[in-house]
């Protein structure tokens, strides 16, 4: 128990410090974006505080695994540099026994993040969207519900597939029947701006179709501007939790996923479950990627760890996109997690038997030699100090 408390104490400080710094950076970046949307009045600052609070669940899902992994790497490197790990190993203590307290911490964080992903995050997403919609309405801005037609009848129908954080919509379909000949616009991105009684649409990377059958004409464009009267378009109202998969609570999402077989819902369900599980893989990756020659210091292993995080998060993002587009099933996200966890456990076992693959044991040394070479080159180019 003394060893467990000692390891936890070494890990906890860097974990909380790293988590706080990364969260502060992410929140600051989001605050700067929101400031341009809501203004600088005292009421605006209160609204922005609420909006930032609603983004916390998603940021926690991203940052907690990163902070856990990097702080565990820092703990292992510190023990190794101070020869404490050598003494413990000489006493017959296995790596698993040394870091079992961190495995317990990983399991607790995994369960906590699973609750955040399933319950807190969808409710916060709903509150964020509705509060931002209220801000847009006060400013007279335009907004639409993703994956819902703005109007079922009338001269103008607008459909958008998704919405970026900066207010630009993706996957737009616009049907204009104000003339005798119908006109369709398909665009990869669209930006909406209100100008008096007109709605200005700036379309990017799309196609304009006019007419029917043999008389149909097609125009490809990089940018195209369309103006339509505001009264012909129905703006979106306050959203409900069942309107979109990212805002659905677990029971709603489960029913919707099985009744509608919507790829977006399938991707969302599996993302909520698999993203927190990354903690378990990162626990087993931390040891083998942190064992390097002592003279290499901590920098090499930390750089390798950061590279691993980039790879794993990009794999998760890519699979989520493929599943949401219906190109892969939800099983692919679980298969990826299973392969990552199995490979990490294999490397841990090799570390326990002191038979790590050479590409891992030499990676830290390679970074050290590269660092020394760069510093040597820079030192030769620096001017001599004058007396």
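Where a number appears in this text, it was derived from the coordinates with a stated rule and is not lab data. Just so we're clear, the structure is a prediction, and the values are computed from it rather than from any experiment. Cβ placement follows ideal geometry from the backbone for every residue including glycine, while neighbour counts extend to all protein chains displayed.
Approximating the spin labels as points 7 Å out from Cα along Cα→Cβ, the residue 180-to-residue 118 distance works out to 6.1 nm. Go ahead and run the numbers for FRET between residue 352 and residue 219, Cβ-Cβ distance against an R0 of 56 Å, rounding to 0.05. For R0 = 56 Å, the calculated efficiency reads 0.30.
In this label model, residue 241 and residue 255 are separated by 1.1 nm, measuring between points 7 Å along each Cα→Cβ vector. When each of the peptides 17-23, 175-181, 274-280 is scored by the mean number of other C-beta atoms lying within 10 Å of its residues, the order from highest to lowest reads 274-280, 17-23, 175-181.
Evaluate E = 1/(1 + (r/R0)^6) for residue 193 and residue 345, where r is the Cβ-Cβ distance and R0 equals 56 Å; express this FRET efficiency to the nearest 0.05. So the FRET efficiency works out to roughly 0.60. Ordering 63-73, 47-57, 89-99 by mean Cβ neighbour count within 10 Å, with the highest value first, yields 63-73, 47-57, 89-99.
Each of residue 164 and residue 107 was given a label point 7 Å from its Cα along the Cα-to-Cβ line. The distance between the two points is 4.4 nm.
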